[in-house]
Amino acid sequence: MTVEDSLHELETASYFGVLGFGRSYGNLIYTFLTFPIGLTLFIYTWVCLPLFIGLSVIIVVLPILYAFLWTMPRIILLVGYLTELFVGLPVPIREDIPKRIEGSFFTKALNALRDKRIGKSLVYSMVLALPYGIFVFSIMTALISLVGGLIAAPVAYIVQFYLGTGDQWVNWIITHLPQWAIIVLLIVSVFVGLAMIPAVLQLNNKLAIMHARMVQKALTR
């Protein structure tokens with residue numbers, strides 16, 4: 001069964017049920033890895049491919065260009081193993097990528113370039129990986145910071161109040177709100193932060209699964 005045919009268990013988890021899956025927390029690591037992975041692939045492809053194509057008029061560079069294209073689906077396969085480890089979606093087995101192609105050098109090169117996975121891997125590495133990694137990294141960093149700030153609001157308020165730091169938001173709250181309102185506000189802040197944790201995990205799981213499916217499609221014929 002392929003990724004497209006299967007439904008991931010986290011896609012059917014209830015709002016609070018997502019808290020009981022270990023993969024929900026592993027996916028946090030995976031989504032933060034999408035940024036350095038995307039950056040590495042972006043630099044590798046955008047530096048090597050134009051360089052080797054530009055130098056391809058020199059015959060000796062053709063084997064290097066071929067070797068670069070040969071590596072692309074295999075590098076994405078390594079990313080696929082990460083998706084299998086963290087997200088739990090299967091990747092094509094190693095034997096599905098041919099180790100030997102019969103014929104002369106140019107015949108081998110031509111037959112190898114007919115493999116759609118090379119083109120898909122290039123598109124993923126040059127166009128999709130880095131923007132998606134930046135998007136995921138940015139949105140998850142903002143949400144996790146927001147949740148952490150809401151939950152830690154009472155501690156931050158008490159520490160800053162007694163240390164006399166004079167922060168504007170502390171002074172405004174003390175000046176304009178009665179004590180009971182401040183207590184209620186801080187309690188609500190904690191509960192809102194706790195209630196947001198499943199929502200953040202749900203979104204993170206969907207982003208991780210979406211990225212894993214992109215990798216899977218790049219590795220299928």
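Here are some notes:
- Peptides ranked, highest mean first, by Cβ atoms within 10 Å: ranges 210-218, 150-158: 210-218, 150-158
- Burial ranking of peptide ranges 68-78, 15-25 (average Cβ count within 10 Å, highest at the top): 68-78, 15-25
- Per-pair calculated FRET efficiency, R0 = 41 Å: A181 and M126 via Cβ, rounded to 0.05: 0.15
- Residues I53 and I75, FRET efficiency given R0 of 22 Å [Cβ-Cβ distance, rounded to 0.05]: 0.75
- Protection proxy ranking of 141-149, 38-46, 26-34 - average other beta-carbon atoms within 10 Å, highest first: 26-34, 38-46, 141-149
- Calculated FRET efficiency, L39 to I158, Cβ-Cβ distance, R0 = 30 Å: about 0.15 to the nearest 0.05.
Rule-based calculations on the coordinates, nothing more; no lab input. Since the structure is predicted, the reported quantities are computational estimates derived from the model, not experimental observations. Quick reminder, even Gly has a Cβ in these numbers, built from the backbone with ideal geometry, and neighbours come from all protein chains shown.
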